[in-house]
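Undergrad: Pasting a structure below so you can have a look.
The values are calculated or read from the model by the stated rules, or taken from the named source; none is laboratory data. Quantities reported herein were computed from a predicted structural model and do not represent experimental measurements. Glycine also receives a Cβ, built like all others from the backbone with ideal geometry; neighbour counts cover every protein chain displayed. In case anyone asks, the SASA skips ligands and DNA or RNA and just uses the protein heavy atoms, side chains included. Shrake-Rupley method; radii C 1.70, N 1.55, O 1.52, S 1.80 Å.
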Amino acid sequence: MNWLQTLLVLGAAFLAVFWEAAFGGVRHLLGAQVDLLPPLMVYASLCTGITTITLLALLGGLWFDSLSANPRGVTVLPLFAVGFAIHLKRELILRDQTFARLVLGLAASAAVPVLTLLLLLTMGRAPLLGWGTLWQLVVLSAGGAIATPICFELFGWLQRTLVHSG
């Protein structure tokens, strides 16, 4: 296991959650905040092991929930489910293709909020739902689709820069 890669993914998750909470420019412009945890989960599922996926789901989900109106831990299971599903089929996925990364980012960024919403409804919570929810899902999905290839490029650059390939 590459602990440097795990630490980089977890550090990126922490910074992404902080950025989403602290800077609302995208939220005010588009009416929804792009969530960067699903694109990070796609990267972790395709390029790291199950330990990194579990840590990202657990820590990233708890960090996200601590800065949102969600009950603690409700985002952990959807993140892990998406990451584990991709990890199971990663040998069949063309992980070097930008189009595959876009599609996986789109699917993961749509699945995580939908699964979180289902968990909230199952728990008896009453989240605000309406036509705006559909717009937010579109923005989340499109933003995640765009962010996923960027995550791969960023971590590829970090890997080439920080890890000796000898």
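Undergrad: As an exercise: evaluate Cys151 against (1) closer than 25 Å to Arg27 by Cα; (2) open to solvent by 40 Å² or more (accessible area, probe 1.4 Å); (3) not charged (D, E, K, R) and give the number of the one condition it does not meet.
TA: (2)
A quick yes/no check of all residues on (1) open to solvent by 50 Å² or more (accessible area, probe 1.4 Å); (2) in contact with a Lys or Arg (Cβ under 9 Å, 6 or more places away or on another chain); (3) closer than 23 Å to Thr6 by Cα:
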site	(1), (2), (3)
Leu46	no, yes, yes
Ile50	yes, no, yes
Ile53	no, no, yes
Leu67	yes, no, yes
Val76	no, no, yes
Gly83	no, no, yes
Gly105	no, no, yes
Val114	yes, no, no
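Undergrad: Ok, one more. If a residue has to be in contact (Cβ under 8 Å) with a residue 40 or more places away in the chain and open to solvent by less than 30 Å² (accessible area, probe 1.4 Å) to count, how many in the stretch 55-65 make the cut?
TA: Residues flagged as in contact (Cβ under 8 Å) with a residue 40 or more places away in the chain and open to solvent by less than 30 Å² (accessible area, probe 1.4 Å) within the stretch 55-65 amount to 2.
Undergrad: Only residues that are of a type outside the set (S, T, N, Q), part of a helix (DSSP H, G or I) and either modelled with pLDDT of 95 or more or over 22 Å from Val34 (Cβ atoms) (or both): list them for the stretch 116-136, please.
TA: Pass one, the stretch 116-136, residues of a type outside the set (S, T, N, Q): 117-121, 123-132, 134-135.
Restricting the remaining residues to those that are part of a helix (DSSP H, G or I) gives 117-121, 131-132, 134-135.
Passing the criteria: only Leu121.
Undergrad: Follow-up. Please go through the stretch 56-100 and pick out each residue that is out of contact with any helix residue (DSSP H, G or I) (no Cβ under 7 Å at 6 or more places or on another chain) and in a helix (DSSP H, G or I).
TA: Within the stretch 56-100, Asp65, Ser66, Ala85, Leu88, Glu91, Leu92, Phe99, Ala100 meet the criteria.
Undergrad: When the residues of the stretch 19-40 are narrowed to those that are closer than 19 Å to Leu62 by Cβ, in contact (Cβ under 8 Å) with a residue 40 or more places away in the chain and in a helix (DSSP H, G or I), which ends up most open to solvent (accessible area, probe 1.4 Å)?
TA: Ala21
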